[in-house]
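Contents: one structure, followed by commentary.
The values are calculated or read from the model by the stated rules, or taken from the named source; none is laboratory data. The structure displayed is predicted, hence computed values, not measured ones. Glycine also receives a Cβ, built like all others from the backbone with ideal geometry; neighbour counts cover every protein chain displayed. These accessible areas exclude ligands, DNA and RNA; they are computed on the full protein's heavy atoms, side chains included. Shrake-Rupley method; radii C 1.70, N 1.55, O 1.52, S 1.80 Å.
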Amino acid sequence: MIYAIVFLPLVGFLIAGALGPWIGVRASELVTTGFLMICAVLSWVVFFDVALGHNHGYAPIIGNWMTVGDLKVDWALRVDTLTAVMLVVVNTVSSLVHLYSIGYMHEDPDRPRFFAYLSLFTFAMLMLVTADNLVQMFFGWEGVGLASYLLIGFWYQKPSANAAAIKAFVVNRVGDFGFALGIFLVFQLTKSLGFEEVFAAVPGLAGKTIHVFGMDVDALTLATFLLFIGAMGKSAQFLLHTWLPDAMEGPTPVSALIHAATMVTAGVFMVARLSPIFEYAPATLEFVTLVGAVTAIFAATVGLVQNDIKRVIAYSTCSQLGYMFVAEGVGAYSIGVYHLFTHAFFKALLFLGAGSVIHAMHHEQDMRNMGGLRKDIPFTFAMMIIGTLALTGFPFTAGFYSKDAIIEAAYAASEHHHIAMFAFVATVAAAGLTSFYSWRLVFMTFFGARKDSAVQTDHADEEPTAQELAHADADQTHQDHSHDHGHGHDDHGHHAPHESPIVMLAPLAVLGLGALGAGIVFGKYFIGHDYDEFWKGSLFTGRDNHIIHKFHDVALGVGLAPTVVMALGFVVALYFYVLKPGTAQALARTFPRLYRFLLNKWYFDELYDFLFVRPAFALGRMFWKGGDGAIIDGLGPDGVAARVADGAKLAVRLQTGYVYHYAFAMLIGVAAVVTYFIAGGLR
């Protein structure tokens, strides 16, 4: 069964990718989608068998991958509760995205290639979550990076899509370099890369140091820090987050697949899988908590002013990933995975709902050109309301249980965790901001008067455009008016919005059920009284880690805090965008510098461009023009060829065709020979 789950997407990729031009578009869609549906059903079977049943897991070995000296790597598929949870998340969302894409991408001529890429991505993600050693995990880790590059740049005719794909690839390589170094260090310390062998050796390494750069550093702290650098890149955490919003250049189904439930959660999964190592590195856990808390509040502030509907949800994803790392940083790994599980449903719902809105608006993404759509696309509106309620943590929705548990765990850990109190304050504040920008999206899109994107020239009821704020960057304006389609459909701008076809609405309904019920149904297993029977040791917590018990006992006010700020965010958004339109614009004009600061994402792109991109290009040009062109080519092939040509030109000049020139040359030669022998005889 596990073989079918892992390898059917690979088969689908090969069929659609290699045979797509021969079997046709429809066959490519049906084959890949059908295989993923089978994988999703089998994943739920494994979940009920391993996680909810009495099966404690297994790890069938496919074969030996490599043996080099002390390094022996087997290719095995590790199946335990953590794997079962990820199989459900990955294959359920991926199968629904495949189904949704049949309707969303129906105008695109390259659908076989698109569905092949989707299946390749799913296979790589499955390889990652079923890994039984760090090498196999790294294989899946890099595989999802490659597939995301292909999917983000799917519309390669668009320069912006190519730039976004390259940016995602390069930024992730920065994190992956740290991840690779961490794997090397783990092998140096344990002489193994298999999880069981590494976990067994870790307790004996506690307190051991390693000499690096003239300093003695705790070995496990350094190893886990390097591993977490990889998680920061893959999960778009603060400082390595810049690739995620630009990745919205890919088709909307790609956003739902990559940025809702799969690729960006790889870092969260990795920390949970390696919890037996992280538990012995408290300093790293504090760093994880700090990065998660800063990411949660940072992304929430940027989401307040974005006008592209997909970018608002993208920054929401970034913020929610910060929540997950806060949970893992305070030792509540199961709560982090619980939020990963619930977040997959409501965030995929929001992304696919946004795709339905974009489809209805004929590929318009700027919320300032929307409004009043609740009457035209009522089902999409209802699903977006459900997703927004779950994201903001409305009572009894999926997000309410998992997000509130993270905030409570952060507060419970503050007694002995130096960063936890800051994380508590940051996550509560981020909850209020999340509520505001989420309802802002709903009100701008579905309420008010409908605006015609073809004739709209101002946005008097919303924030000022970049042109109205003279110093706002031009690229932001371009991003705000981007379209989620690679082949242009501007001529549709005057058509009335319409509801999406059933093939797009059915996945929304399934995800809507998950967004409503996943929290209350599975909470007792992930973090409740069935915790031990559910996890069966697949997550490790140290003897002094009692966070799962302590967070249940926090004060009532702590538990109510996120609900209170959620309600406050809703009220403020309602006042700004429904009760008194124009308030947001007035506020932006009152604080133009703050507005531009948030609109331009804290200027991280500009900062990185100044610090890294421009110097890298300058260095590249220097080596290209000065090194390769002037020195290597100048002194090498080009130089030799030029001297030969010069010699040939000189020889040509000697061949004049006049007899007296040749006679004169012969006379000079005879004179030279005679002179040589006379001079030699005088000796």
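Of everything in region 253-283 that's modelled with pLDDT of 85 or more and among the polar types (S, T, N, Q), which residue is farthest from A164 (Cα to Cα)?
Going through the qualifying residues, I end up with S275.
Kindly indicate whether T317 is polar (S, T, N, Q), crowded, with 24+ Cβ neighbours inside 10 Å and over 13 Å from S235 (Cβ atoms).
Considered against the rule, which asks whether it is polar (S, T, N, Q), crowded, with 24+ Cβ neighbours inside 10 Å and over 13 Å from S235 (Cβ atoms), T317 comes out as no.
How many of the residues in region 588-616 are closer than 20 Å to F298 by Cα and without any contact (Cβ under 8 Å) to a residue 40 or more places away in the chain?
7
Which of the residues that make up region 585-603 are within 17 Å of Y315 (Cβ to Cβ) and of a type outside the set (S, T, N, Q)?
Hits for region 585-603 are L594, Y595, R596, F597, L598, L599, K601, W602, Y603.
When both residues are 6+ apart or on different chains and their Cβ atoms are under 6 Å apart, which pairs have a first residue that lies in region 63-75 and is in contact (Cβ under 8 Å) with a residue 60 or more places away in the chain, and a second that is open to solvent by 90 Å² or more (accessible area, probe 1.4 Å) and in a loop (DSSP other than H, G, I, E, B)?
That search, which allows pairs on different chains as well, returns D70/K191.
Could you list all residues from region 361-370 that are assigned to a loop (DSSP other than H, G, I, E, B) and either more than 17 Å from I313 (Cβ to Cβ) or not polar (S, T, N, Q) (or both)?
M361, H362, H363, E364, M370
From the list A219, A247, pick out the single residue that is under 15 Å from A281 (Cβ atoms) and among the aliphatic types (A, V, I, L, M).
A219
If M566 passes every condition in (1) open to solvent by less than 70 Å² (accessible area, probe 1.4 Å); (2) of a type in the set (A, V, I, L, M); (3) over 30 Å from F443 (Cβ atoms) but one, which one does it miss?
Unmet for M566, out of (1) open to solvent by less than 70 Å² (accessible area, probe 1.4 Å); (2) of a type in the set (A, V, I, L, M); (3) over 30 Å from F443 (Cβ atoms): (3).
Working only within region 77-112, note down all residues that are small (G, A, S) and either open to solvent by 10 Å² or more (accessible area, probe 1.4 Å) or modelled with pLDDT under 90 (or both).
G103
Just checking, which of L373, L352 is in contact (Cβ under 8 Å) with a residue 24 or more places away in the chain, more than 20 Å from F526 (Cα to Cα) and in a loop (DSSP other than H, G, I, E, B)?
Step by step, each of L373, L352 is checked, and only L373 is in contact (Cβ under 8 Å) with a residue 24 or more places away in the chain, more than 20 Å from F526 (Cα to Cα) and in a loop (DSSP other than H, G, I, E, B).
All but one of (1) at pLDDT 85 or above; (2) in a helix (DSSP H, G or I); (3) of a type outside the set (A, V, I, L, M, F, W, C) hold for R621, so report the exception by its number.
(1)
Scanning for something among the polar types (S, T, N, Q) and modelled with pLDDT of 90 or more, does region 209-224 turn up at least one residue?
Yes - at least one qualifying residue is present in region 209-224.
Anything in region 535-553 that is open to solvent by less than 50 Å² (accessible area, probe 1.4 Å), at pLDDT below 90 and part of a helix (DSSP H, G or I)? List them, or say none.
I547, I548, F551
Mind listing whichever residues of region 174-203 are open to solvent by less than 50 Å² (accessible area, probe 1.4 Å) and of a type in the set (G, A, S)?
Within region 174-203, G175, G178, A180, G182, S192, G194, A201 meet the criteria.
Can you name the number of the only condition in (1) surrounded by fewer than 20 Cβ atoms within 10 Å (Cβ to Cβ); (2) not in a helix (DSSP H, G or I) that V41 fails?
The single condition V41 does not satisfy is (2).
I'm trying to understand the selection: among the residues of region 571-594, which are open to solvent by less than 70 Å² (accessible area, probe 1.4 Å), in a helix (DSSP H, G or I) and either among the polar types (S, T, N, Q) or under 22 Å from A449 (Cβ atoms) (or both)?
V572, A573, L574, F576, Y577, V578, T583, A584, Q585, A586, A588
Suppose we filter region 217-231 for residues that are of a type outside the set (D, E, K, R) and either open to solvent by 10 Å² or more (accessible area, probe 1.4 Å) or outside any helix (DSSP H, G or I) (or both); how many remain?
Total satisfying the criteria: 6.
Tell me whether region 575-587 contains one or more residues that are among the polar types (S, T, N, Q) and closer than 24 Å to N307 by Cβ.
So far as region 575-587 goes, yes, one or more of its residues are among the polar types (S, T, N, Q) and closer than 24 Å to N307 by Cβ.
Any residue at all in region 328-343 that is over 22 Å from L513 (Cα atoms), open to solvent by 10 Å² or more (accessible area, probe 1.4 Å), in contact (Cβ under 8 Å) with a residue 60 or more places away in the chain and in a helix (DSSP H, G or I)?
The answer is no, given that none of the residues of region 328-343 is over 22 Å from L513 (Cα atoms), open to solvent by 10 Å² or more (accessible area, probe 1.4 Å), in contact (Cβ under 8 Å) with a residue 60 or more places away in the chain and in a helix (DSSP H, G or I).
Conditions tested, residue by residue: (1) of a type in the set (A, V, I, L, M, F, W, C); (2) surrounded by 10 or more Cβ atoms within 10 Å (Cβ to Cβ).
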{"position": "F617", "(1), (2)": "yes, yes"}
{"position": "D628", "(1), (2)": "no, yes"}
{"position": "G639", "(1), (2)": "no, yes"}
{"position": "A679", "(1), (2)": "yes, no"}
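Would a scan of region 600-613 turn up a residue that is open to solvent by 100 Å² or more (accessible area, probe 1.4 Å), aromatic (F, W, Y), assigned to a helix (DSSP H, G or I) and modelled with pLDDT of 80 or more?
The answer is yes, given that some residue of region 600-613 is open to solvent by 100 Å² or more (accessible area, probe 1.4 Å), aromatic (F, W, Y), assigned to a helix (DSSP H, G or I) and modelled with pLDDT of 80 or more.
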